[in-house]
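This is the structure I want to talk about, given as structure tokens.
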Amino acid sequence: MTITRISGALRSPVTASVLAGLLVGALFLLGTGADPLTAYDAVLTGALGTDGIGATLTTGTSVLGMALALAVPLRAGLINLGGDGQLVLGGITAAATALYSPLPAPLTVVLALLAGMAAGAGYAVLAALCENRFGVPLLVSSLLLSYPAVSLASYLARYPLKEPGSSLPQTRAFPDGVALPAFGDSTVTVGLVLVVLAAAAYWFTDRWTAFGYEIRMTGLNSRFSVYAGVERAGLTLKLMSVSGALAGLVGAVGVLSFPYRFVDGSLTAPGYTWTGLTAALLAGAAPVGTLIASFFFAVLQVGGLAMERTTEVPRELTQVLQAIVIVFLAARLRFPRTLLKKKGAV
């Protein structure tokens, strides 16, 4: 049984796409005059070595969190493109809570996390309501609603919550103790544990509950799921609320970690939303696959800096690798269907 699973994994479109992406990346490196083996070794060493593993886990926290946020609705065939808005709204809400909460520091941290999740969930539900009530496609409504959320957070960080005397668009520093506990002297915080627990909850729900079965069934065949009694509108609301809550959690974790304040652009500039979406697409929104793909892309993102220092190849090559992997995956999933249709026609 184990051998069969390993053989199936090696023959899967995902594995083939990753290998094809690495091969094409090697050709790019050869074209620039760099040694592919040296470059890939620099990526692995820079991301998984003693000096880089902390940065990889920190980056992986945000990437995995956003991948889960987007994988939950994607499992049912729903695409949430408003991750940036929900992420930033969760972050600025958590920041405001941390600044003005009268509670002791530990309770303030918990309250800030819950507030960030609530803000993200509420904003994601608004996109779902636009589809259910007004017929605006979720893909469009979630994307368009993202822009006002990012603008609102930017305004709050630059004016009402801005640190006095600072030239940077950032809020005031949080009171002493209002921060997520870190592991040792690293930048890795308890936020990693929270995101991994969310991944475990997603796996359990997907694998062992009736609700998870409804989600998978809707993703495979939405019309059949309606005939089977699944209420599409209600399912959309539930999934988007969970998706937004996870995105808001990532935003709250981001501001409750170093530098312990909300900095305008710090949550969106690294591209966590789009990297997370790429990971969810690569894994087909499967829980375990999403976890592995998120770690893979976190390694690429952090290791790209080390590759740039070692080979003088721009770290943007790692973004090219991500795009190539998705293109090959889409091609591998598309071509077999086309061939089957042709054979059926013959």
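The values are calculated or read from the model by the stated rules, or taken from the named source; none is laboratory data. Please read these numbers as outputs of a predicted model, since none were measured by experiment. Reconstructed Cβ throughout: ideal geometry from the backbone, glycine too, with neighbour counts over all protein chains shown. The area values use the complete protein model at the heavy-atom level, side chains included, leaving out ligands, DNA and RNA. Shrake-Rupley method; radii C 1.70, N 1.55, O 1.52, S 1.80 Å.
Quick one: Cα centre-to-centre distance for the range 49-104 and the range 149-178, in angstrom?
Here the two parts' Cα centres lie 18 Å apart.
If the only charges are +1 at each Lys and Arg Cβ and -1 at each Asp and Glu Cβ, what is the size of the charge dipole of the chain around the Cα centre, to the nearest 20 debye?
1420
Quick check: at a probe of 1.4 Å, how many percent of the accessible area of the range 51-333 sits on carbon and sulfur atoms?
Values: 8510 of 12660 Å².
Ligands and nucleic acids excluded, carbon and sulfur reach 67 percent.
Over all directions, what mean area does the Cα convex hull of the range 51-333 project, stated in square nanometres?
Reported value for the Cα convex hull: 16.3 nm².
What longest range of the chain stays clear of loop-exposed GluC sites (Glu not before Pro) (DSSP non-H/G/I/E/B, at most 15 other C-beta within 10 angstrom)?
That gives 1-230 as the longest site-free run.
Towards the positive end of the charge dipole of the chain, with charges on Cβ (+1 Lys, Arg; -1 Asp, Glu), say which of Ala182, Leu239, Thr58 has the farthest Cα.
Going by the Cα projections, it comes out as Leu239.
With N set to the residue count of the range 205-301, report its C-alpha Rg divided by 2.2 N^0.38 Å to two decimal places.
Working it through for the range 205-301, the quotient is 1.30.
Rolling a 1.4 angstrom probe over the protein heavy atoms, how many square angstrom per residue are accessible across the range 51-333? Before the final figure, lay out the partial values.
Numbers: 12660 Å² over 283 residues.
Value for the range 51-333: 45 Å² per residue.
Among Phe211, Ala269, Leu194, whose Cα sits farthest toward the positive end of the charge dipole of the range 173-291 (+1 at Cβ of Lys/Arg, -1 at Cβ of Asp/Glu, about the Cα centre)?
Positive-most Cα among the choices belongs to Phe211.
Right, something else. Suppose accessible area is computed on protein heavy atoms with a 1.4 Å probe; arrange Tyr227, Tyr100, Tyr272, Tyr260 from highest to lowest.
Tyr227, Tyr100, Tyr260, Tyr272
Using 0.36 nm times the number of residues separating Tyr100 and Val196, minus their current alpha carbon distance, what extension gain do you get?
Taking Tyr100 through Val196 to full extension adds about 31.7 nm, to one decimal.
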